[in-house]
Amino acid sequence: MNKRKIFNDPVHGFITIPHELIFDIIEHPYFQRLRRIKQLGLSDYVYPGAIHTRFHHALGAFFLMRKALSILKIKGHKITEEEELAACIAILLHDIGHGPFSHTLENSLLSKVHHEDISKIYMHRLNTHFKGKLSLAIEIFEGKYKKKFLHQLVSSQLDVDRLDYLTRDSFFSGVNEGAISYERIIEMMTVRDGNLLIEQKGIYSIENFIVARRLMYWQVYLHKTVLCVEQMVVKAIERARYLISKGEKIDASPALSYFLSKPVKLKDFEKDEAAIGYYSALDDVDIFAAFKYWQYSNDKVLRTLCEAILDRKLFKIEIADKPFSTNRIKDLNEAAMKKFKLTEEEAAFLVFSDSTSNYAYNPNENRINILTNKGEIIDIAKASDQLNISMLSVAVTKYYVFYPKSLENKA
C-alpha cells in the first residue's frame, strides 16, 4: 500500500497525491521520463531560469484540476469520485507523449505524428497495465464522455493546462507579464448544459489571461532567439538524418538512431513494439549528447550547427511581417556557399526561411463563454468591453530567415 505522498512545488506549494493509482502512474517509467524533457524546450537560451520540466507542469495541472473540480462541486455540480479521479488522471497524462525539447522536434523526429497521438498510445498501454482503471480517463481525454466540461478542463482555450503553464512559465522565465489570476479564474468557473463557463464577474480575469497569453507567446515561446536556436536544432537533426540516408555512420544513442534511420509514422507506434520502446527512452539528454559527438563530425554543416548550438554562437535571425523575397534568400544561400565552400544543397541547412503564427484567442474553436448575470451565454470577444480582446482574436503571422552571422554583411 502506498503512503500519502506530497510534492513541494515552487509555484503551487504542497501538492498532495490523494489516490494510490495516481501515485503509481507518477512512478511509472513513462511518466518519470517527463523529468528529462524541458517544458519550454530551448527557451533557457534566452531565459536562463526556464529549465523546468514537463514533469513539473503535469503535477501543476493536476493540482489545478483538483482545485477546479472542488469549486464546481461546491457550486452544486455533480461530479462523482470516479469522474474526479478520471479527470485528474487525464490531465496528469495530457502531455506524456511529448518528445525531446517538447514541441521543438515534433515534426522532425516523427512524420506527421502529434504528441497527443502518442499520449493516447501511452494512456491505452497504461490502461492495460493497470487492468482497465484508466478507461474513463481516456474517454474524458478524447472528449467522448457525456460530461463535456470535464474534457474542457483538460483541453480547451481555458483549460487547467493553460492556467498552469502560463503561471509556471512566467515564474521560471521571470517574465512577469505572463502572470494571471488563475485562482480567481477557477473560482469563477461554472457549468451550464454540460459546458464550462465563466461567471460574468470573472470577465476581467479572462481578459488578463488572453492578453498575458499573447505576451508570453511573442516574448517567450516565439521569441526570435528561441526560434533561431530551435531551428538550428531541427536543421542539425535533419542533417544527421540526411547523412545516415547516404550511408554515413553517425554516432547517437540507440533510441535516437532509431528515429534518425527512418521516418516514423503513427502506424509504426501501433504495430512496432520497438517504436514505443525507443520513444520512451528518448529525451533531451539524447539530443545534446549527440550534438557533443557531432561537433567533431567530418561533415562541415553538421559540425558548424552543433558547435554553434553548444557554445551558443547562434545564427542571425531577421523577423518581418511579410515573406522574404526569393532574391534575398538566394543571395544568402550564395554567400553561405562561398563562405563555407558548400554546395547549394548543403547551404540550405544553414540558411532557412519560414513563418510562425499565433492566436491569443481563437473564436472559431472551443470558445471561452461568459455566463452573464441575466443568464445569457456570450463569447468573451463580444462580452469584453476591451477592444483589444476582439483584436487579439485575429491570427498574427511573422516571417523569419536565419543564417550564420558571418554572412551578415555579405548578402
Task: For T372: the one exception among (1) in the same structural domain as I210 (by TED's automatic domain parsing); (2) without any contact (Cβ under 8 Å) to a residue 40 or more places away in the chain - done: (2)
Open item on the list: Step by step: first the residues of segment 107-154, then only those that are in contact with a His (Cβ under 6 Å, 6 or more places away or on another chain) and surrounded by fewer than 22 Cβ atoms within 10 Å (Cβ to Cβ), then the one that is modelled with the highest pLDDT. Which residue is that?
Closed with: G143
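Take the conditions in the same structural domain as E345 (by TED's automatic domain parsing), touching a helix residue (DSSP H, G or I) at 6+ places or on another chain (Cβ under 8 Å) and of a type in the set (K, R) and apply them to K265. Does it pass? First the steps, then the outcome.
Values: in the same structural domain as E345 (by TED's automatic domain parsing): yes; touching a helix residue (DSSP H, G or I) at 6+ places or on another chain (Cβ under 8 Å): no; of a type in the set (K, R): yes.
Considered against the rule, which asks whether it is in the same structural domain as E345 (by TED's automatic domain parsing), touching a helix residue (DSSP H, G or I) at 6+ places or on another chain (Cβ under 8 Å) and of a type in the set (K, R), K265 comes out as no.
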TODO: Exactly one condition in (1) at pLDDT below 95; (2) on the phi > 0 side of the Ramachandran plot is not met by R312; state its number.
DONE: (1)
- [ ] For I96, state whether it is under 30 Å from S257 (Cβ atoms) and β-branched (V, I, T).
- [x] yes
- [ ] Inspect segment 365-380 for any residue being among the hydroxyl-bearing types (S, T, Y) and in a strand (DSSP E or B) and give the result as yes or no.
- [x] no
TODO: Among the numbered conditions (1) touching a residue at least 40 places away in the same chain (Cβ under 8 Å); (2) in contact with a helix residue (DSSP H, G or I) (Cβ under 9 Å, 6 or more places away or on another chain); (3) in a loop (DSSP other than H, G, I, E, B), tell me where K398 comes up short.
DONE: (3)
Task: helices (runs of 4 or more DSSP H) wholly inside segment 249-329 that include at least 2 residues being closer than 24 Å to K224 by Cβ - done: 284-294, 300-310
- [ ] Determine which member of the set N366, N327, N373, N358 is on the phi > 0 side of the Ramachandran plot and surrounded by fewer than 19 Cβ atoms within 10 Å (Cβ to Cβ).
- [x] N366
- [ ] Please state which of the following conditions L371 fails to meet, knowing it meets all the rest: (1) over 30 Å from Y296 (Cβ atoms); (2) of a type in the set (A, V, I, L, M, F, W, C); (3) modelled with pLDDT under 95.
- [x] (3)
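Evaluate segment 354-361: report whether one residue or more is assigned to a loop (DSSP other than H, G, I, E, B) and charged (D, E, K, R).
At the first step, the residues of segment 354-361 found to be assigned to a loop (DSSP other than H, G, I, E, B) are 359-361.
Keeping just the survivors that are charged (D, E, K, R) gives none.
No, there is no match, as no residue in segment 354-361 is assigned to a loop (DSSP other than H, G, I, E, B) and charged (D, E, K, R).
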- [ ] Looking at (1) farther than 24 Å from F55 by Cβ; (2) touching a Phe, Trp or Tyr at 6+ places or on another chain (Cβ under 7 Å), find the lone condition where S173 falls short.
- [x] (1)
- [ ] Would you mind telling me which numbered condition in (1) touching a strand residue (DSSP E or B) at 6+ places or on another chain (Cβ under 9 Å); (2) without any contact (Cβ under 8 Å) to a residue 12 or more places away in the chain K147 fails?
- [x] (2)
Task: Residue list for segment 233-258, filter: surrounded by fewer than 14 Cβ atoms within 10 Å (Cβ to Cβ) and out of contact with any Phe, Trp or Tyr (no Cβ under 8 Å at 6 or more places or on another chain) - done: S245, K246, G247, E248, K249
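The values are calculated or read from the model by the stated rules, or taken from the named source; none is laboratory data. Quick caveat, the model's predicted, so the values are computed rather than measured. Positions of Cβ are backbone-derived with ideal geometry, glycine not excepted, and every protein chain shown enters the neighbour counts.
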